[in-house]
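I have placed the structure first, in the form of structure tokens, so that the comments after it can refer back to it.
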Amino acid sequence: MPVEFLTDEQAEAYGTFAEEPTRPELERFFFLDDVDRDLIVRRRSTHHQLGFALQMCTVRYIGRFLPDGPLDAPWPVIEHLAAQLGIEDPSVVERYTERPKTAYEHAWEIRDAYEYREYEDAEWPRRFRTFLHGRAWTHAEGPKALFDHAVGWLRRNRVLLPGVSVLARQVSDVRKVADRRLHATVAGAARRADAALPGDLGYNFSPRFRDLDDQRFWRATMPGVETGTYGVLEDLARNRVNLNRVITQWPDMLRVAGSLVTNQVRAYDLLRMFGREGRPAPLGQAFAEYGRIARTEHLLRVVDPVDDTYRRQMNRQLTVQESRHKLARDVCHGKRGTIHQAYRDGMEDQPGALGLVLDAIVLWTTRYVDAAVAQLQAEGHELRDEDIARLSPLKHRNLNLLGRYSFPASTPAAGALRPLRDPDAPELDEDESAAD
């Protein structure tokens, strides 16, 4: 392989029956409709009919005609097609290749009938490159993921797959162009940002660790500067931060930080710039060394035996995160929080839809909590600011998450909210609610 990101197994599986199709795939790609049957019955012999149907469905399923022979398909596929055509003995298909030219003639007929295009056609390579460049620029994904999306785009648009080396080389070239564009964008944004930013950018590194015994504590010593001992922590801080990497990259680190806090560059674009082909770039290594300092400071504050203020702050932060995860699990509880779509596009849509629903719930709850607070204050109730600050839009006991719902497009009246429930009103049980 001329391109490194594909393994030998992945390259061999490209454009072939890598495994036996599942039952849903057989029903989707190997079902013969009336148009298919009209073409198939033009063949006089049963082995020509079955071979023609096999080629027709193969190109529909994998995106190209099999290069090593039209019969290189799993036997259950042949049996599935033979059953639809009423052919009792599927083995007659072995006679399909007695005249090699027949398979080529049928492939051309299928290509013309279903409007498949060659990869080398003048128009479609241009459209494909436009898609590929756009995908590489807007998604932070590796070369294999981009390669898979490229195959999906070609199949959807009925462009016959080229050789694996051709497609892998084009994906690699497009990613190089996207990387150069990204670096140029970051460099331009950095020039617009203030390079003299303070070290504290307002972000706190405060994760919770499962086992503190497995964590490393780091010491930082400036080159050429003598420092004292770490006292009781001397044995704990055995690992050393490579400050030379930080010093060398410090001007660029400040520019990157300025680009981030001024919203000149998206965070995931920066992450892409910190590594290439799975290996960290020098700038990424510098940030990793710098992060070890913040990580050690965080660990020391977590294990502080005297002051637990920091641990309390962490717990409040984690409560918000865990509440958000619990809401997501409850919304997605019908499938127990798992993804069950059969195809990659469907898998991507389901988490995206879940995020949209969560945002809608948070917005809805925030509006009504704000209205409830305003009404209580208007009625003369005394509400302390510290209590209001602890209100969360992630509480959802009031939400019914069961059933199926349709949401017709509509524009609600500006500021219109339903009347708030009277807390002194008696609660209705299920029977009374049904009677009403």
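The values are calculated or read from the model by the stated rules, or taken from the named source; none is laboratory data. Since we're looking at a predicted model, the values are computed, not measured. No Cβ is skipped: glycine too gets one built from the backbone with ideal geometry, and neighbour counts run over all protein chains shown.
Within region 93-114, not a single residue is without any contact (Cβ under 8 Å) to a residue 24 or more places away in the chain, in a helix (DSSP H, G or I), within 22 Å of P21 (Cβ to Cβ) and touching a helix residue (DSSP H, G or I) at 6+ places or on another chain (Cβ under 9 Å).
Quick one: in region 44-87, of everything that is among the basic types (K, R) and modelled with pLDDT of 90 or more, which residue is farthest from P100 (Cα to Cα)? If you could, list the steps in order and put the result at the bottom.
Here is the first cut: in region 44-87, the residues among the basic types (K, R) are 44, 60, 64.
Filter again for modelled with pLDDT of 90 or more, leaving 60, 64.
Values: R60: 21, R64: 18 Å.
So, considering only residues that are among the basic types (K, R) and modelled with pLDDT of 90 or more, the one farthest from P100 (Cα to Cα) is R60.
For T22, the stated conditions hold: it is in the same structural domain as E94 (by TED's automatic domain parsing), surrounded by fewer than 22 Cβ atoms within 10 Å (Cβ to Cβ) and hydroxyl-bearing (S, T, Y). Might you let me know whether region 142-151 holds any residue that is at pLDDT below 90 and assigned to a loop (DSSP other than H, G, I, E, B)? Yes, the conditions are met somewhere in region 142-151. If you check A413 against the conditions, is it modelled with pLDDT of 75 or more and among the aliphatic types (A, V, I, L, M)? Criteria not met by A413.
Identify the residue in region 88-103 that is loosely packed, with under 12 Cβ neighbours inside 10 Å and closer than 29 Å to L154 by Cα and, among all such residues, is modelled with the highest pLDDT.
Just the residues of region 88-103 that are loosely packed, with under 12 Cβ neighbours inside 10 Å, to begin with: 88-89, 98-101.
Then drop every residue that is not closer than 29 Å to L154 by Cα, which leaves 100-101.
Values: P100: 82, K101: 90.
The qualifying residue modelled with the highest pLDDT is K101.
Which of the residues belonging to region 243-265 are buried (at least 16 other Cβ atoms within 10 Å of the Cβ) and outside any helix (DSSP H, G or I)? Give the steps one after another, and end with the answer.
So the first thing to find is which residues in region 243-265 are buried (at least 16 other Cβ atoms within 10 Å of the Cβ), and the list is 243, 245-246, 249, 252-260, 264-265.
Selection gives Q264, V265.
For region 1-14, residues that are part of a loop (DSSP other than H, G, I, E, B), modelled with pLDDT of 80 or more and over 24 Å from the mean Cα position of the chain (by Cα) total 0. Residue count for region 115-126 satisfying the condition of being surrounded by 14 or more Cβ atoms within 10 Å (Cβ to Cβ) and either part of a helix (DSSP H, G or I) or in contact (Cβ under 8 Å) with a residue 60 or more places away in the chain (or both): 2. The numbered conditions (1) in contact with an Asp or Glu (Cβ under 9 Å, 6 or more places away or on another chain); (2) crowded, with 19+ Cβ neighbours inside 10 Å; (3) part of a loop (DSSP other than H, G, I, E, B) are all true for F65 except (1).
Scanning region 221-238 for residues being exposed (fewer than 10 other Cβ atoms within 10 Å of the Cβ) and not in a loop (DSSP other than H, G, I, E, B) gives a total of 2.
Can you tell me which of E79, E20 is under 26 Å from D89 (Cβ atoms), in a helix (DSSP H, G or I) and not aliphatic (A, V, I, L, M)? Lay out the reasoning, then the answer.
Details: E20 fails: in a helix (DSSP H, G or I).
The conditions single out E79.
Taking the numbered list (1) surrounded by fewer than 19 Cβ atoms within 10 Å (Cβ to Cβ); (2) assigned to a helix (DSSP H, G or I) in turn, A53 passes all entries but (1). Let me confirm something: among A73, A83, A53, which residue is out of contact with any Phe, Trp or Tyr (no Cβ under 9 Å at 6 or more places or on another chain) and not assigned by TED's automatic domain parsing to the domain that holds R156? So the residue among A73, A83, A53 that is out of contact with any Phe, Trp or Tyr (no Cβ under 9 Å at 6 or more places or on another chain) and not assigned by TED's automatic domain parsing to the domain that holds R156 is A83.
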